[in-house]
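Readers should treat all values here as calculations from the given coordinates under stated rules, not as data from a laboratory. What you are looking at is a predicted structure, and each value in this text was computed from that prediction instead of being measured. We place every Cβ from the backbone using ideal geometry, glycine too, and count neighbours over all the protein chains shown.
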Amino acid sequence: MNAVIVTIGDELLIGQVIDTNSVFIAQELEKIGCKVVEKMAIADTEVAILNAFNIYQNKVDLVVLTGGLGPTKDDVTKKTLVRYFNDTLIRNEEVYLHVKQLIEGIYNRPISEVNAQQADVPSKAHILFNNLGTAPGMLLIEDKTTFVSLPGVPYEMKFLVTERLLPYIKKHFSLQNIYHHTVVTAGVGESLLAEYIADWENNLAVDNITLAYLPDLGSVRLRLTKIGGQYEDVATIVKNHAEELKQLIPQYIISEDESVQLIDVVIERLLDKKATISFAESCTGGLLTQNFAEKEGASRYLKGGAVTYATESKVQILGVSQETIESFTVVSEAVVAEMALGAQRIYKSTYAIATTGNAGPSKGDSDQEVGTVCIGIATPKGVYTETFNFGQPRNKVVKLAIQKSLLLLLQELKKE
């Protein structure tokens, strides 16, 4: 079963509102074996909606629309449904009584005709009753395609999808199992990763498994997908290939939970060791400390952090030697080593991370090239440093510095 999601609203097209509705709908459809093949965002106009209908009619099994069902004049979805399906509006008594109860009972005012018109629905429509709002969902069938129109208010849409639409789909459509398995990697770029696993990837075709690369700054998620067959059999086949991958590149795999981030793995390791962490940050401006502090239970492992952005603060707060700065410059492995050891000493932490660099666009207090970042990791056995150049722009440099710091710490945690 194939589906398309169409989101309606000028606010989506101009970037005024971020589309989260299609993400939720796609996730829920995929869970039950309905494959989403395309998404489209369109203007709240009759022409745009009719064009979408004509594009997908008999091309897919299901078209899910969200938005454009409010009581105001700019919401034209319902009128367009009537025109496309050569239908007329009728007042649904159950919906009307529900709207009346909401308006008079909750808002404590008489129901207006504008509000009452929310209960006017196409006569051919199967109504998806909306307990949480005034606009019902509507389902209409034309030849080989089922069209579903849902309100755009997120909590109403979610209710209608989970409580109304999904049960309908399960009852009226033949569904295939879709199994996804995600392996999260870090510390290797997408192109190099593809080289390492090329032979393994080619073997996936034998079992009709597809592989998607989902890159982010500092990490790549590898999503394996297989469609069809008994769920248990499909899951076993995919997991066997995932095990082969884990043996092939164990040094880069950090999790098989797609929601897990690198910082989560680092924290888990710290907790396992009953270890603590502190920070001395220059170019990362306290963001490393903040990322750890935002996690639940941070007091168990986070001792503190110092944002020593200016050169003098590195000397006065962390105890970095002025002689070291003059000899090696403020962006150097010698300085970042003393920064890390300073944080470890001040906060009495097991480990400490320090960063110093030229994030750009200008060089600041150092002659090092823009994009240069030095990272220091203080451990119970000493201090370890590395230098990188993350290029530009500035926000990319900072984000990569954070990711690389976490990766270096994880490597140290694994060693010990």
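Observations on the structure shown:
- Under the convention that each Lys and Arg Cβ holds +1 and each Asp and Glu Cβ holds -1, the size of the dipole of the chain around its Cα centre is about 660 debye.
- In terms of the mean number of neighbouring beta-carbon atoms within 10 Å, the peptides 36-43, 397-404 order highest first as 397-404, 36-43.
- Couplings 3J(HN,Hα) for segment 370-378, derived from phi with the Karplus relation 6.51 cos²θ - 1.76 cosθ + 1.60 (θ = phi - 60°), are 4, x, 6, 9, 9, 10, x, 10, 8 Hz, where x marks Gly and Pro.
- For S255, residues with placed amide H under 5 Å, excluding near neighbours: V184
- Unit charges on C-beta of K, R, D, E only; dipole of segment 222-322, Debye: 400 debye
- Considered as an equivalent ellipsoid built on the Cα gyration tensor, segment 250-346 has semi-axes of 29, 15, 12 Å, the largest given first.
- Centre separation in Å (Cα based) which lies between segment 195-264 and segment 76-106: 47 Å
- Based on alpha carbons, the Rg and Dmax found for segment 3-53 are 11.7, 33 Å.
- Normalised per residue, the volume of the convex hull around the Cα set of segment 217-276 (Å³): 116 Å³
- Of the trypsin sites (Lys or Arg not before Pro) in segment 127-183, the ones in a loop by DSSP (not H, G, I, E or B) with at most 16 other beta carbons within 10 Å are K144.
- Scanning residues 5 or more positions from G360 or on other chains, those with amide H under 5 Å from its amide H are G371, with H placed 1.01 Å from N in the peptide plane.
- Neighbourhood net charge (11 Å Cβ-Cβ; Lys/Arg +1, Asp/Glu -1) for T210: 0
- Of A401, T355, N21, farthest towards positive along the dipole that unit charges on Lys, Arg, Asp, Glu beta carbons give the chain: N21
- Calculated on the alpha-carbon coordinates, the convex hull of segment 271-397 measures out at 97 cubic angstrom per residue.
- Within segment 1-155: Cβ-based charge dipole about Cα centre, in debye rounded to nearest 20 (Lys, Arg +1; Asp, Glu -1): 180 debye
- For segment 341-380, the list of trypsin sites (Lys or Arg not before Pro) that fall in a loop by DSSP and count at most 12 other C-beta atoms within 10 angstrom reads K348.
- Candidates I111, N86, G68 compared by Cα position along the dipole of segment 1-135: farthest toward the positive end lies N86, with charges placed on Cβ.
- Max mean-square fluctuation residue, GNM over the chain, Cα-Cα springs under 10 Å, options N86, N115, N389: N86
- Projected-area average for segment 157-233 over all orientations - Cα convex hull basis, square nanometres: 7.4 nm²
- Measuring against 30 Å, Cα to Cα, the residue pairs K158/K404; K31/K399; K59/K170; K35/K404; K144/K239 contain K158/K404; K31/K399; K35/K404; K144/K239 as the ones spanning a longer distance.
- Listed residues S219, T276, L248: farthest to the positive end of the dipole of segment 210-277 (Cβ charges): T276
- Restricting segment 257-363 to GluC sites (Glu not before Pro) that sit in a DSSP loop and have at most 16 other Cβ atoms within 10 Å of their own Cβ leaves E258, E294, E296.
- Here the Kirkwood formula puts the hydrodynamic radius of segment 339-410 at 12.5 Å, using every distinct Cα pair.
- Size check on the chain: the Cα extents along the three principal axes, sorted descending, read 85, 58, 38 Å.
- Global geometry of segment 1-119, whether rounded, prolate or oblate, following the gyration tensor of its Cα atoms and the 1.5 cut on a/c: prolate
- Helical mean residue ellipticity (222 nm; -39500 (n - 2.57) per DSSP H run of 4+; nearest 500) of the chain: -11000 deg cm²/dmol
- Anisotropy class of segment 256-299 from Cα gyration tensor, a/c 1.5 cut: oblate
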